[in-house]
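Below: the structure, in structure tokens.
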Amino acid sequence: MSKTTTLPKAPYLLEKQIGYTFKNPNLLLEALTHKSCKKPYNNERLEFLGDAVLDLLVGEYLFYKFPHSQEGELSKLRACIVNEKGFMKLAKSIELGDFLHIASSEESNKGREKASILSNAFEAVMGAIYLESQLTCLRDIVYNLLEKNYAKIDMNTLFMDYKTALQELTQALYGEIPTYKLVSESGPDHKKIFEIALCIQGIEYAKCKGHSKKEAQQKSAQIAYEKISQKNSLHKE
């Protein structure tokens with residue numbers, strides 16, 4: 001029985017989604033072509049460019065959206081968007097996976113849904129738009145996508161659930177979720193202190209105390225999330 005291959009949707013439908021028509025159709029084709037296709041071209045170079053431009057535009061967007069926030073807060077906000085998970089969310093909002101050119105091996109492994117492939121392709125498409133229009137058109141496109149997908153973005157909603165964010169990050173990077181172990185429990189019943197250890201792949205990443213198990217888990221998850229995000233960012237560079 002032969003394998004079924006999903007054909008990518010017509011590029012003009014993607015152009016309609018993002019509100020931009022490419023002057024050079026081949027540039028869009030390059031942005032949508034994954035390296036697994038073994039073509040003379042793929043989207044890795046455009047991904048490199050798009051990553052840098054998106055870092056700038058997301059930073060600019062947050063700068064204007066939060067005029068009273070300090071540098072440290074803005075950096076944390078940007079880090080929550082400018083990453084694989086954040087760009088995958090933006091990619092899915094324009095159904096980017098339906099337009100990708102991937103090899104049959106990736107097709108069978110659900111490549112159109114993979115965080116790494118989607119986020120890289122999103123960076124590549126944005127990089128391609130930048131090459132044709134500089135920041136003129138791209139700024140509006142990125143701002144609109146951010147408004148649609150992060151309309152309720154604020155300091156509290158982004159940082160209050162590190163446990164979920166860490167789980168999604170470790171699933172994407174390692175194919176497994178963190179484990180939390182109760183190390184100790186002390187204090188009177190009305191004021192107990194719980195100590196939780198967080199491990200990923202058998203390695204302890206954090207150990208924190210809190211007035212509830214949930215609080216201790218969140219503190220541990222935040223430490224682990226920031227460690228892994230920083231490590232992954234350095235490797236990407």
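The values are calculated or read from the model by the stated rules, or taken from the named source; none is laboratory data. These numbers were taken from a predicted model, which means no experiment stands behind them. We place every Cβ from the backbone using ideal geometry, glycine too, and count neighbours over all the protein chains shown. The area values use the complete protein model at the heavy-atom level, side chains included, leaving out ligands, DNA and RNA. Shrake-Rupley method; radii C 1.70, N 1.55, O 1.52, S 1.80 Å.
Among beta bridges from DSSP that stay inside the chain, the antiparallel ones total about 95%.
Restricting to DSSP H runs of at least four residues, report the calculated mean residue ellipticity at 222 nm for the chain, -39500 (n - 2.57) per run over all residues, nearest 500 deg cm²/dmol.
Estimated from H runs of four or more residues: -18500 deg cm²/dmol.
When the residues GLU147, GLU84 are ordered by accessible surface, computed with a 1.4 Å probe over the protein chains alone, the sequence from largest down reads GLU147, GLU84. If only the Cβ of Lys and Arg carry +1 and only the Cβ of Asp and Glu carry -1, the dipole of the chain around its Cα centre is close to 460 debye.
How big is the gap, in Å, between the Cα center of the stretch 147-226 and the Cα center of the stretch 9-23? Spelled out, the Cα-based centre of one part sits 40 Å from the other. Accessible area of PHE22 (1.4 Å probe, protein heavy atoms only, ligands and nucleic acids ignored): about 10 Å².
Rolling a 1.4 Å probe over the protein chains gives HIS101 an accessible area of about 60 Å². Its alpha carbons considered, the chain gives a radius of gyration followed by a Dmax of 20.5, 70 Å.
Per residue, the solvent-accessible area of the chain (1.4 Å probe, heavy atoms of protein chains only, all protein chains present) comes to 58 Å².
Potential lengthening of the chain between ASN144 and GLU168 amounts to 6.1 nm, from the contour at 0.36 nm per residue minus the alpha-carbon distance. Toward the positive end of the charge dipole of the chain, about the Cα centre and with charges on Cβ (Lys, Arg +1; Asp, Glu -1), which of TYR143, GLY202, VAL58 goes farthest? The residue sitting most towards the positive pole is GLY202.
When the listed pairs LYS152/LYS214; LYS110/LYS152; LYS85/LYS227; LYS192/LYS213; LYS192/LYS227; LYS23/LYS148 are checked against a 20 Å cut-off, the alpha-carbon distance exceeds it for LYS152/LYS214; LYS110/LYS152; LYS192/LYS227; LYS23/LYS148. Scanning the chain for DSSP H helices at least 30 Å long along the axis (C-alpha atoms) with a Kyte-Doolittle mean no lower than -1.0 picks out 44-65.
Rolling a 1.4 Å probe over the protein chains gives CYS137 an accessible area of about 50 Å². Binned at 5 Å from 0, what are the whole-percent values of the Cα-Cα distance distribution for the stretch 11-149, short to long? In order of increasing distance, the bins hold 2, 10, 21, 24, 20, 12, 7, 3, 1, 0 percent.
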